[in-house]
1. When ranked by the protection proxy of mean other Cβ atoms within 10 Å per residue, highest first, what sequence do the peptides 76-85, 58-67, 28-37, 118-127 form?
2. Relative to the present Cα-Cα distance, how much length would full extension add between Y17 and R87 at 0.36 nm per residue of separation?
3. I'm spelling it out carefully: the read-out is semi-axes √(5λ) of the Cα gyration tensor in Å, the candidates are (i) 32, 18, 12; (ii) 29, 19, 15; (iii) 20, 18, 16, and one was derived from this structure. Which label?
4. Could you name the aspartates and glutamates whose alpha carbon sits less than 12 Å from that of K18, not counting residues in the same chain fewer than 8 places away?
5. Treating only the Cβ of Lys, Arg, Asp and Glu as charged (+1, +1, -1, -1), what charge dipole size does region 1-91 show about its Cα centre? Round to the nearest 20 debye.
6. Between S59 and A10, with labels modelled 7 Å along Cα→Cβ, what's the label distance in nm to one decimal, could you check?
7. Under a point-charge model restricted to the Cβ atoms of Lys and Arg (+1) and Asp and Glu (-1), what is the dipole moment magnitude of region 49-128 relative to its Cα centre, in debye to the nearest 20?
8. Mind listing the phi-derived Karplus ³J(HN,Hα) values for region 65-72, rounded to whole Hz, using 6.51, -1.76 and 1.60 with θ = phi - 60°, and x for any glycine or proline?
Amino acid sequence: DVAAPADLDARLERRGYKRGDDHVTMAKRVDPETTLPEHVAVGVQPTNGWMDAYLSGLSENRRAPAPKLIENLPRSAVFISHDVAGRAMSSGLTVVDGRVASVQCMATLPEHRRKGGAQAVLGGIEAVAAQNRVEWLYLQTGGENIGAQSLYRRYGFEIVGHYHTRQK
């Protein structure tokens, strides 16, 4: 297969590219009847609260470049947060691209984890997808991030692919 030569890993290794982390791609069919959950906010720009929740989920070395990455997202990006008492507790975003939409930047403030915020954000993302007649949601997460994979499975996602990165 031209897209994935059988000897690709060996060729990259010989050229000095070291194997990086394993990842999984997960997907689920969008329920067209999905509506926006309670306490979920949707916007075309990240709020300060959205950004606080998002940054709380990043390692120290990823926090500094994150605002610039968010700033350079496509204009079609939609920012979703689960808000309690006017404060974003969980965040995520989606970019609709025809029949598919991504799930990205999922995070919850540490003191609010395991309280349903991430599921509410996923519901908000699916509602945005349903409004846009999207057929599939997809996401990528770390192969060893069993907690995230478990959350996504509970929401109906299934693993549809595996890959790993390489770095020089």
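1. On the way: 76-85: 20.3, 58-67: 10.5, 28-37: 14.8, 118-127: 24.7.
Highest-to-lowest ranking by the protection proxy: 118-127, 76-85, 28-37, 58-67.
2. Numbers: separation 70, 0.36 × 70 = 25.20 nm, distance 4.30 nm.
Gain in length upon complete extension: 20.9 nm.
3. (ii)
4. Those aspartates and glutamates meeting the cut-off are D9.
5. Numbers: 12 positive and 13 negative charges, 83 e Å.
Dipole size: approximately 400 debye.
6. The two pseudo-label positions are separated by 3.1 nm.
7. Numbers: 9 positive and 7 negative charges, 20 e Å.
Here the size comes out at about 100 debye.
8. Whole-Hz 3J(HN,Hα) from phi for region 65-72: x, 4, x, 5, 4, 4, 4, 9.
Computed from the coordinates by the stated procedures, all read-outs in this text should not be read as laboratory data. Remember, predicted model here, so these are calculated numbers, not experimental data. Cβ coordinates were reconstructed from backbone atoms using ideal geometry, including for glycine residues, and neighbour counts include every protein chain displayed.
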